[in-house]
1. For the ranges 194-202, 42-50, what's the packing order if you count other beta-carbon atoms within 10 Å of each residue, average per peptide, and put the highest first?
2. Which distance in nm do the two modelled labels at Arg79 and Ala233 give, with both placed 7 Å along the Cα-to-Cβ direction?
3. Go through region 55-106 and name the GluC sites (Glu not before Pro) that are in a DSSP coil and have 13 or fewer other Cβ atoms within 10 Å of their Cβ.
4. So if each residue of separation counts as 0.36 nm, and I subtract the Cα-Cα distance between Arg107 and Glu86, what length gain in nm does that give?
5. About its Cα centre, how strong a charge dipole does the chain have in debye, to the nearest 20, once Lys and Arg get +1 and Asp and Glu get -1 at the Cβ?
6. To two decimal places, what compactness ratio does region 63-107 give when its Cα radius of gyration is scaled by 2.2 N^0.38 Å?
7. Using alpha carbons only, how many angstrom separate the centre of region 87-106 from the centre of region 1-77?
8. Could you state the angle between the C-alpha long axis of helix 176-187 and the longest principal axis of the C-alpha atoms of the chain, as a value from 0 to 90 degrees rounded to the nearest 10?
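Every number here is computed from the coordinates shown, using simple stated rules; none is lab data. Model, not experiment: these values are computed from the prediction. Neighbour counts are summed over all protein chains in view; Cβ atoms, including those assigned to glycine, are modelled from backbone coordinates with ideal geometry.
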Amino acid sequence: MFDTAYAESRYRVPEIPHRYGPGVHLLDDPFAWTLLTRACSPETGQPDMGRLVRMLYENLARVVLAAEFPRARVDVPTRMAAAHPEAVYRGLALSRTTKAVTVGIARAGTMPSQVVFELMNEVLDPALVRQDHLFMSRQTNEAGTVIGATWHDAKIGRDVGDRYVLFPDPMGATGSSMVSAVSYYKNSLEGTPAKCIAMHLIVTPEYIRRVHAEHPDVAIYALRLDRGLSEPAVLRTEPGTRADEEKGLNDRQYIVPGAGGVGEILNNAWV
């Protein structure tokens with residue numbers, strides 16, 4: 001017998017209200033906010049930082065996979081089937097035949113991508129899960145303003161056809177690196193991705209504007225929106241209401257309130 005309670009999924013991502021459009025998902029998650037507050041504290045270093053970021057990305061990845069990945073009907077006997085032939089779970093689960101890629105953008109995104117890779121291997125067919133690696137850095141002008149992203153090296157599988165491509169990068173600041181990475185996966189590899197999904201701990205309004213101006217089909221997931229340099233009147237509005245007046249980056253394109261150099265702290269490397 002099939003239990004109709006599990007015939008369809010009613011899962012919805014818990015989100016704070018905003019007006020950035022349906023492609024932006026700002027999570028309403030006090031548990032994650034608590035961990036993220038600790039991760040942003042100037043008193044937090046290794047090994048605490050690594051442990052916190054791992055927990056945050058395990059949580060974020062579960063949300064993204066549950067919301068975005070295809071589902072399939074399963075019929076799986078349980079251990080009770082030896083005594084009760086009807087002991088079979090018949091319902092929905094994530095489709096194990098989903099093809100996926102997680103992209104580690106060095107250096108802050110290296111560990112988050114590994115976390116996502118390990119989690120996807122648990123719920124999908126591991127033969128269909130891949131991890132790519134990009135090495136890039138901010139490109140700045142003489143005034144220190146970010147003007148793009150410079151690629152240094154990459155280890156990338158050629159095929160992206162019908163794959164869900166995930167970009168777990170903690171800080172969504174200017175959007176330059178993400179725009180460059182998504183453009184490459186869309187235009188320079190074999191096949192067309194099923195969907196590109198950006199996964200962040202923190203994003204700025206500037207990031208959302210830049211990424212969706214270049215790639216409006218990218219799904220953006222974040223645990224927190226930082227617009228701390230906006231005027232008080234703007235901060236009193238629902239995010240996205242006065243989007244052009246929202247500001248989360250200082251003159252050197254660092255996020256405020258932000259978290260400082262996450263890549264530096266995760267790697268204990270201050271260069």
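1. Details: 194-202: 23.3, 42-50: 12.4.
Answer by packing, highest mean first, reads 194-202, 42-50.
2. Going by the 7 Å Cα→Cβ label model, 6.5 nm.
3. Details: sites: Glu58, Glu68, Glu86; in loops: Glu86.
For GluC sites (Glu not before Pro) across region 55-106 that sit outside H, G, I, E and B with at most 13 neighbouring Cβ atoms in 10 Å, the list reads Glu86.
4. Values: separation 21, 0.36 × 21 = 7.56 nm, distance 5.03 nm.
Using 0.36 nm per residue and subtracting the Cα-Cα distance, I get 2.5 nm.
5. Details: 29 positive and 32 negative charges, 59 e Å.
Once rounded to the nearest 20, the dipole reads 280 debye.
6. Details: Rg = 16.0 Å, N = 45, 2.2 N^0.38 = 9.3 Å.
In units of the 2.2 N^0.38 Å rule of thumb, it is 1.71.
7. Taking the Cα centre of each part, region 87-106 and region 1-77 sit 15 Å apart.
8. Tilt relative to the chain: about 50 degrees.
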